[in-house]
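What follows is a single structure, written as structure tokens, with notes after it.
The values are calculated or read from the model by the stated rules, or taken from the named source; none is laboratory data. No experiment lies behind these values; they were computed from the predicted model shown. Here the Cβ is made from the backbone with ideal geometry for all residues, glycine too, and neighbour counts use every protein chain on show. SASA here: full protein model, heavy atoms, side chains in, ligands and nucleic acids out. Shrake-Rupley method; radii C 1.70, N 1.55, O 1.52, S 1.80 Å.
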Amino acid sequence: MDTREAARRWARTWTPAQVWFAEPQVNGDAAAVEYWAVIHVKGQPLTISGCTLLRSDEAGLVAEARDYSAVKEGHHAPPTGLFRADLAAQP
């Protein structure tokens, strides 16, 4: 099987992810953003939610990064009102 045929087979089975991001919270050199996603692994839905924390240096580059997340089997939409509708990226 060539690369094109492999890509065609993959595309027929791929399910787009649903992803939501909250409005970033910024305070000085620190920022945080919550996220929520539903992906598919081997055809089964998997929900991932979490928060990314960043601290930048004087040049504005990331000096420190932390990420906290939780994973739950199944399709679980974010709680109503957690993310603004206009920031939701859904298929």
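Laid out as a table, the results:
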{"item": "Test: residue in the range 30-44 that is open to solvent by less than 60 Å² (accessible area, probe 1.4 Å), at pLDDT 90 or above and among the hydroxyl-bearing types (Ser, Thr, Tyr)", "result": "yes"}
{"item": "Residues (closer than 13 Å to PHE83 by Cα and of a type in the set (A, V, I, L, M, F, W, C)) located in the range 17-50", "result": "VAL19, TRP20, PHE21, ALA22, VAL33, TRP36, ALA37"}
{"item": "Yes/no for ALA63 being modelled with pLDDT under 85, open to solvent by less than 90 Å² (accessible area, probe 1.4 Å), on the phi < 0 side of the Ramachandran plot and of a type outside the set (S, T, N, Q)", "result": "no"}
{"item": "Subset of the range 66-91 (residues that are under 24 Å from TRP14 (Cβ atoms) and either modelled with pLDDT of 75 or more or among the β-branched types (Val, Ile, Thr) (or both))", "result": "SER69, VAL71, LYS72, GLU73, GLY74, HIS75, HIS76, ALA77, PRO78"}
{"item": "Failed item in (1) surrounded by fewer than 12 Cβ atoms within 10 Å (Cβ to Cβ); (2) free of Cβ contacts under 8 Å to residues at least 60 places away in the same chain, with GLU23 passing the rest", "result": "(2)"}
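This table checks each residue for (1) touching a residue at least 40 places away in the same chain (Cβ under 8 Å); (2) out of contact with any His (no Cβ under 6 Å at 6 or more places or on another chain); (3) not acidic (Asp, Glu).
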| residue | (1), (2), (3) |
| --- | --- |
| GLU5 | no, yes, no |
| CYS51 | no, yes, yes |
| ARG55 | no, yes, yes |
| PHE83 | yes, yes, yes |
